[in-house]
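Visitor: Quick one: the structure is below, questions incoming.
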């Protein structure tokens, strides 16, 4: 009987052992961790020539050229096949990212973005949402209305954050990375360091 209690106690102790922690102290499945790292690495690399056709539709012919260039850059890095899909993912990521900022920071970042993209930030009503980078990806995915894998969503969001880090002024990047959760800010910091280097 004593031996039986001892074995049961060992089992209970093993069952209470927590899974590995992420660098920020949160539980995260290893598969999600690998997907996030892979997407972040891909999105911060210099884009290579691609055969993807990115036809700019007539519906957005009035859009300013900086808006078009930023979306094309994001599309190349994330291998998004159409301009409209890339624009939708870009706006969805910015809207999701805006929920992790306060209203002042959203307004400051929006000032340095083309009008169509800045509005995605300024129209956000939620401030200072809690959650890690995977939560950001899932929030952005919900806004795209597409059935995307976690890897595809992560790659698209990471591409947006990378381009954001390369295109914003240094003082805005500094404030952005100070206020965002570490694992979200890291994607912006990597891009800013590439630009500075």
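Visitor: Could you tell me whether the stretch 116-125 includes any residue that is farther than 22 Å from residue 66 by Cβ, modelled with pLDDT under 90 and surrounded by 19 or more Cβ atoms within 10 Å (Cβ to Cβ)?
Guide: No, the stretch 116-125 contains no residue that is farther than 22 Å from residue 66 by Cβ, modelled with pLDDT under 90 and surrounded by 19 or more Cβ atoms within 10 Å (Cβ to Cβ).
Visitor: Follow-up. Residue 111 versus (1) touching a helix residue (DSSP H, G or I) at 6+ places or on another chain (Cβ under 6 Å); (2) modelled with pLDDT of 90 or more: which is the lone unmet condition?
Guide: Of the numbered conditions (1) touching a helix residue (DSSP H, G or I) at 6+ places or on another chain (Cβ under 6 Å); (2) modelled with pLDDT of 90 or more, the odd one out for residue 111 is (1).
Visitor: Among the numbered criteria (1) touching a helix residue (DSSP H, G or I) at 6+ places or on another chain (Cβ under 8 Å); (2) in contact (Cβ under 8 Å) with a residue 24 or more places away in the chain; (3) farther than 13 Å from residue 90 by Cβ; (4) surrounded by fewer than 17 Cβ atoms within 10 Å (Cβ to Cβ), which one does residue 136 miss?
Guide: Result: residue 136 fails condition (4) only.
Visitor: Restricting to the stretch 139-172, give me the number of residues that are within 15 Å of the chain's Cα centre (by Cα) and either more than 22 Å from residue 109 (Cα to Cα) or surrounded by 21 or more Cβ atoms within 10 Å (Cβ to Cβ) (or both).
Guide: Number of matching residues: 22.
Visitor: I would also like to ask the following. Just to confirm my filter: which helices (runs of 4 or more DSSP H) fall fully inside the stretch 90-172 and include at least 3 residues that are farther than 22 Å from residue 78 by Cβ?
Guide: Passing ranges, in order: 103-111.
Visitor: In addition: What residue, of 176, 94, is surrounded by 23 or more Cβ atoms within 10 Å (Cβ to Cβ), in contact (Cβ under 8 Å) with a residue 40 or more places away in the chain and within 11 Å of the chain's Cα centre (by Cα)?
Guide: 94
Visitor: Let me ask something else. Out of (1) over 12 Å from the mean Cα position of the chain (by Cα); (2) modelled with pLDDT of 90 or more; (3) in a helix (DSSP H, G or I), what's the single condition that is false for residue 66?
Guide: (2)
The values are calculated or read from the model by the stated rules, or taken from the named source; none is laboratory data. Bear in mind the structure is a predicted one, so any value in this text is a computation, not a measurement. FYI the Cβ positions are ideal-geometry reconstructions off the backbone, even for glycines, and counts take in every protein chain you see.
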